[in-house]
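This report refers to the structure that appears directly beneath it.
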Amino acid sequence: MTLRIAYCSPVNPAPSGISDYSEELLPYLAQYAEITLFVEDGLRPTNSQLATHFAIKPISKLERLARRGAFDAIVYHMGNSPAHAGIWRVAQRVPGVIVLHDFVLHHFMLWYAANVQRDARRYVAMMRDRYGSDGEHVAQLMIRSRFSAAAFMFPCNEDVLAAAKAVIGHSRYLLERVATIRPELPRAYVPMGVPLPPLIDRAEARQRLGIPLDRPVLASFGHINAWKRIEPTLRALSMLRREGIDAHCVLVGSVSPNYDLKSVIQRLGLQDAVTVTGYVERAQFEDYVAASDVCFNLRYPTAGETSASLLRLLGAGKPTLVSAVDAFCELPPDVVAQVDVDDSETDLIVAYCRRLLTDPALATALGRRARAYVATNHTLAGAAQAMINALATVYGWPAPQRIRPEPLWDPAPVLPPTERPTIPAPPAREPSLLVRAAARAAAELGLSEDDTGALRSVATRIVELEKSDLADLRRRNHG
């Protein structure tokens, strides 16, 4: 029996990171089932592969088809974006498995009440009835565009969980939070899959972007707002520059209209040290990643999300700083540098950046482990298999079998040779102090290249020590 799945998700040009996520996952998921893609009414997908391989229908048609038994499973993708409005309308009437991308859906529910139901009072009443006077107070601030971090304390996801047949999450943190609200609801962990990004030569990327080859570059990627810890990051930049490190910070992404980024930059006197790119296309985004020496994916408070943009940075082999909160704590400490969100935050950012900028061997080792981690734990093939197995458990199918031996297409970006010349082998980097000391000791002991057993033991110990190096640095600065 061929399985039939109704797959409801934003796709491009819908402005949501979940659009990219679904377009990358679908060719792999289709190895196991025939998929009908349901999109917002009136949306015309820009990815030609979708129309070539799938039946595409408006989301308003799903209810009638589902009532006729046209599908063996229904998958709804829910996140904190207006792009999910049509999906939420139908999900309330037709039960399905919800892939919950954000635990906190507060901002979506406020937008939905104001723009779809056209009655913000319904949102205020919901906040009062569900969360009491504290909820009503925050609701009154939010409807007056006085956006508050307190909103993240009120997830507004209870109706979504009540409508779900089961929930799929990309972190165990999110699933544990779901269990506190609906402990009886079936839950399944599915790793987020991303294509392994191409390795782009740093010097060539900098030449295309007009960035001097010798300038230390720090970079933050994604939509810019107060929760992305931009101010602590820029304070750290200012401190590094006062130390004599001529670093420049690039903020790659659109800027929230509710965040006065220009004032923050001016107040810190960093007008000549910060570049704000606005939204950039994929090829330029990848160039900025390649051109960066240290990347940031800091955020607090969070909506309980798993960041695809973070996985792309790690997959590109970049040393990256993350906030040590929520789902980000599940990342291994030898893959990312974790920054606490307390009074030590800025000092930790400074300490990590100083160390990574002055020890290229350590930065390279961290980036190499990050890329290996993504290549092992966040593949699209693994994500598709985990999702189909989760659906099989919920709907009581026998073990799913592949109906296609290969994905329908390769979602990894194909870059024209004129834009991405063949990348030469990376130049040899100056070895770290630890490596140089080990080499001297080996020479003094009379070891040669023929002593493979002893040399392998030394190399293994060097890797272990470098893995613990950043963790020690964090502990010292936090203490």
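A few remarks follow.
- Estimated translational D of region 212-360 in µm²/s (Stokes, Kirkwood radius over Cα pairs; 4 °C; 1.567 mPa s): 84
- Spin-label pair E204-R404: with each label point 7 Å from Cα along the Cα-Cβ axis, the two points sit 3.1 nm from one another.
- The spacing between region 90-128 and region 378-399, judged by their C-alpha centroids, is 27 Å.
- Our note on the geometry: Cα centres of region 238-303 and region 190-209, 18 Å apart.
- For the chain, lysine pairs separated by 8 or more sequence positions, or belonging to different chains, with Cα-Cα distances below 22 Å total 4.
- Value of Rg/Rh across region 51-158 [Cα atoms, Kirkwood radius]: 1.05
- The alpha carbon convex hull volume per residue for region 125-275 rounds to 174 Å³.
- Altogether, the Stokes-Einstein calculation at 25 °C and 0.890 mPa s, with the Kirkwood radius of region 156-237 over Cα pairs as Rh, returns a diffusion coefficient of 142 µm²/s.
- Distant-in-sequence amide contacts of A324, defined by a placed amide H-H separation under 5 Å and a gap of 5 or more residues or a different chain, comprise V339, D340, V341.
- Put in line by how crowded their Cβ is, counting other Cβ atoms within 10 Å and starting with the fewest, L3, L298 read L3, L298.
- For the chain, alpha-carbon Rg relative to the globular expectation (2.2 N^0.38 Å, N residues): 1.05
- Within the chain, the whole DSSP H helices whose Cα atoms reach 30 Å or more along their own axis and whose mean Kyte-Doolittle score is at least -1.0 are 452-478.
- Inter-centroid distance (Cα atoms) of region 5-19 relative to region 40-55, Å: 10
- The chain: calculated mean residue ellipticity at 222 nm from DSSP helix runs of at least 4, using -39500 (n - 2.57): -14000 deg cm²/dmol
- Dimensionless Rg ratio for region 202-264, taking C-alpha atoms and the 2.2 N^0.38 Å reference: 1.22
- The Cα atoms of region 326-418 give a gyration tensor whose axes a ≥ b ≥ c have a/c of 1.5 or more with a/b no greater than b/c, which makes the shape oblate.
- Amide H partners (placed H, <5 Å) of A33, local residues excluded: I403
Since every read-out is calculated from the coordinates, none of them should be taken as a lab result. Computed from a prediction, not measured in an experiment: that's the story for all the values here. Note that we place each Cβ from the backbone using ideal geometry, even for glycine, and neighbour counts take in every protein chain shown.
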